[in-house]
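The values are calculated or read from the model by the stated rules, or taken from the named source; none is laboratory data. Only a predicted model underlies this, so the values are computations on that prediction, with no experimental measurement involved. Counting neighbours? That spans all protein chains shown, and the Cβs are built from the backbone with ideal geometry, glycine included. Protein only, heavy atoms only, side chains kept; ligands, DNA and RNA dropped before computing areas. Shrake-Rupley method; radii C 1.70, N 1.55, O 1.52, S 1.80 Å.
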Amino acid sequence: MRLLQTKYNEAFVNTVAKWGLKGKNAIFHVFVPFDMQDRIEEADKVREALDFLYPDIPVIGCSATGEINDGFMTNQEIVVSAMVFENPSSNVEVFPFYAKKDQVAVDRLLEIAINTPNLKGIELLTAASYQSLEAAGEIMDKLPENVEIFGAVAVGDQFRKPFVFANECDYSYDSSVLVMYVGTDLHIQTERMFGWKAIGYPLKVTKSEGPVVYELDGRPAYDVYNHYLHIHNDDSFFYDALQFPWEVQVDEQTKYVRHAKSVNPDGSIVMSTNIPENCDIRITFGDPIRIMNHTRQVSLDIRKFAPDAVFLINCMGRMLFWGDKEDIEVSEISKDLHTTGFSALGELLRYNGTTFLNNLSIVCVAMREGPAKLNYDCTMDEIVNSSNLSVTHRLAIFINTITEELMEKNKQLNDMLYKAAHDALTGLLNRGAIEHLIYDTADENSEEYCSTWHLIMLDIDDFKALNDEYGHNAGDNALKSLAKYLNQDVRCLDSSEAGRWGGEEFMIILRGYEDNEVLNLAEKIRKDLNLIPSPSGNFSVSIGVTRHDNEETVLATIDRVDSLLYAAKDSGKNKVCSDL
């Protein structure tokens, strides 16, 4: 496999003609500066020349910035590269998905991909909306995990729309171009580079809509920049905030980075792309030393793969972060490697089986044909060690280490508090915790106070016989089954809580309910629990129900519901006994 590159200039046609690609399996990439004057007219000339010289070789491209040529970036010239395959079994197939496609079209594409032998990778260049990318990614993730999925979001702004194109098709401003890379001896490895370090405590996104984040921990989102970092809402906000992007954690497996673009008058922040509501975020610190060390480490992994060509997708925000050193990472990665690519508005990558959009990262797509031929220097002499760290970096490490230790102590404390308040077997509140809640409900000075509240107490019928005949495992399973029901069907109700009172007894407190509502719930609980399977063939509970009288003590209410429970047992079991 070979990678050939050139810029569009007066010698372009002669240069590309000398490549001698007739009859070769190859693909052209064309990266057009998004802010270039007459960008469409110039791109047309490039496409016409390629079609004239090599009509059988597919062409894809997009609007871009920071186009990579010969290991460095250029911002005002069209860059054309050719990936040329040497093995006859290696080839590409291009799908220009122009116009907004429906689900059927994407499903059809998945069917084609699944039935394509030796499919090794899928590239996506897109000008589509983030929602369309999410939907397409979910479908593409049904492919086997050994199929690499990668791509980029074309660059544009409020004056010049991003676009993609393929072969003889027109330019598209709202859709995608997809390429399938196929070959028995074709190998693809993807990597991503971040280097941002999370600092401070996690914050909850309590209100967001698409890319607009309104609240963090119930406060205006801008407060996180104003209060903690003293970043003001002025013309410098974008560049100042770029040093402190967010690490977004959707679940235990999924983290990605997003950066702030602007602040709205109401204190909400417009982020680089969608931020899910209820996810956790942490501010990250963009330290140049740490970022470069991570870049060099990933570069080493790429070199060990011994690629013939590397496709780099560098985030535009990351490029802006470096200012006048915008080439520093691209040139580092490109040492001894043949690279192409550009700086995009977003970087697509399938990671741990899920395809999602990255920001402020570099996605590296390394390709080769045949076995690895390691001809590169794989040392890391230039990685900065701790003795060369800046004062700023040391302070960031200091702050972050303290934060991490405090978070760990806080987690340990929360775990201890949880264990102290919950029953180990059932996971419900234990006797002390549910009793404390009952007393707080009757206390006018407590936040839990309610003038009208009821107690429902229930006990598993013939529990001792179940234990004696079928063993304690059967008894434990009965307790856990009842607790699971209470968790799913009772605790979900407004102003309700349930706990294990002791042994096979359970207590429910309901605040602000009418008598008939409580009675109906108690009867529903009794009937529902009859359906739980039991080794003895029947599962039943006896239930007592009462309402607290504000003229009596809490203990009197508890004693009364206990008496009503045993009245239900003494009168035949599997029934509700109430004084309402």
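Might you check whether a residue that is within 40 Å of the chain's Cα centre (by Cα), open to solvent by less than 30 Å² (accessible area, probe 1.4 Å) and within 18 Å of V545 (Cα to Cα) occurs anywhere in the stretch 484-493?
There is at least one residue in the stretch 484-493 that is within 40 Å of the chain's Cα centre (by Cα), open to solvent by less than 30 Å² (accessible area, probe 1.4 Å) and within 18 Å of V545 (Cα to Cα).
Working only within the stretch 425-447, note down all residues that are touching a residue at least 12 places away in the same chain (Cβ under 8 Å) and outside any helix (DSSP H, G or I).
Those that are touching a residue at least 12 places away in the same chain (Cβ under 8 Å) and outside any helix (DSSP H, G or I): L425, T426, G427, L428, L429, N430.
Going by the conditions given, is I543 open to solvent by less than 80 Å² (accessible area, probe 1.4 Å), out of contact with any Asp or Glu (no Cβ under 7 Å at 6 or more places or on another chain) and either at pLDDT below 95 or not in a helix (DSSP H, G or I) (or both)?
It is true that I543 is open to solvent by less than 80 Å² (accessible area, probe 1.4 Å), out of contact with any Asp or Glu (no Cβ under 7 Å at 6 or more places or on another chain) and either at pLDDT below 95 or not in a helix (DSSP H, G or I) (or both).
Among the residues of the stretch 72-96, how many are open to solvent by less than 30 Å² (accessible area, probe 1.4 Å) and more than 21 Å from L124 (Cα to Cα)?
2
Which ones in the stretch 408-424 are open to solvent by less than 80 Å² (accessible area, probe 1.4 Å) and outside any helix (DSSP H, G or I)?
The answer is H422, D423.
I'd like the full set of residues that are at negative phi and either without any contact (Cβ under 8 Å) to a residue 12 or more places away in the chain or out of contact with any helix residue (DSSP H, G or I) (no Cβ under 7 Å at 6 or more places or on another chain) (or both), limited to the stretch 303-314.
Once the filter is applied, which keeps residues that are at negative phi and either without any contact (Cβ under 8 Å) to a residue 12 or more places away in the chain or out of contact with any helix residue (DSSP H, G or I) (no Cβ under 7 Å at 6 or more places or on another chain) (or both), the stretch 303-314 yields R303, K304, F305, P307, D308, A309, F311, I313.
Among the residues of the stretch 16-24, are any in contact (Cβ under 8 Å) with a residue 12 or more places away in the chain, β-branched (V, I, T), over 25 Å from L345 (Cα atoms) and open to solvent by 10 Å² or more (accessible area, probe 1.4 Å)?
There is no residue in the stretch 16-24 that is in contact (Cβ under 8 Å) with a residue 12 or more places away in the chain, β-branched (V, I, T), over 25 Å from L345 (Cα atoms) and open to solvent by 10 Å² or more (accessible area, probe 1.4 Å).
With the stretch 154-214 as the region, which strands (runs of 3 or more DSSP E) entirely inside it contain at least 3 residues that are of a type outside the set (D, E) and over 24 Å from A127 (Cβ atoms)?
186-193, 197-209
If I ask for residues that are within 12 Å of the chain's Cα centre (by Cα) and open to solvent by 20 Å² or more (accessible area, probe 1.4 Å), which ones from the stretch 244-267 would you list?
Passing the criteria: E247, Q249, V250, D251, E252, Q253, T254, K255.
Within the stretch 349-397, track down each residue that is at pLDDT 90 or above, open to solvent by 10 Å² or more (accessible area, probe 1.4 Å) and not basic (K, R).
E369, P371
Across the stretch 549-575, what is the total count of residues that are open to solvent by 20 Å² or more (accessible area, probe 1.4 Å) and either in contact with a helix residue (DSSP H, G or I) (Cβ under 8 Å, 6 or more places away or on another chain) or within 26 Å of D443 (Cβ to Cβ) (or both)?
Qualifying residue count, the stretch 549-575: 14.
Does the stretch 53-71 contain at least one residue that is modelled with pLDDT under 95, assigned to a loop (DSSP other than H, G, I, E, B), touching a His at 6+ places or on another chain (Cβ under 9 Å) and of a type outside the set (V, I, T)?
Yes.
Take the stretch 492-507 and flag every residue that is without any contact (Cβ under 8 Å) to a residue 40 or more places away in the chain and touching a strand residue (DSSP E or B) at 6+ places or on another chain (Cβ under 6 Å).
Matches in the stretch 492-507: S496 only.
Restricting to the stretch 448-483, count the residues that are basic (K, R) and crowded, with 19+ Cβ neighbours inside 10 Å.
Going through the stretch 448-483 one residue at a time, the tally reaches 0.
Restricting attention to the stretch 283-316, and to residues there that are open to solvent by 10 Å² or more (accessible area, probe 1.4 Å) and of a type in the set (S, T, N, Q), which single residue is nearest to E123 (Cα to Cα)?
So, considering only residues that are open to solvent by 10 Å² or more (accessible area, probe 1.4 Å) and of a type in the set (S, T, N, Q), the one nearest to E123 (Cα to Cα) is Q297.
Quick one: how many residues across the stretch 1-24 are in a strand (DSSP E or B) and under 12 Å from V80 (Cβ atoms)?
5
Is it true that some residue in the stretch 512-520 is of a type in the set (A, V, I, L, M), under 23 Å from A567 (Cα atoms), in a strand (DSSP E or B) and open to solvent by less than 10 Å² (accessible area, probe 1.4 Å)?
No, there is no match, as no residue in the stretch 512-520 is of a type in the set (A, V, I, L, M), under 23 Å from A567 (Cα atoms), in a strand (DSSP E or B) and open to solvent by less than 10 Å² (accessible area, probe 1.4 Å).
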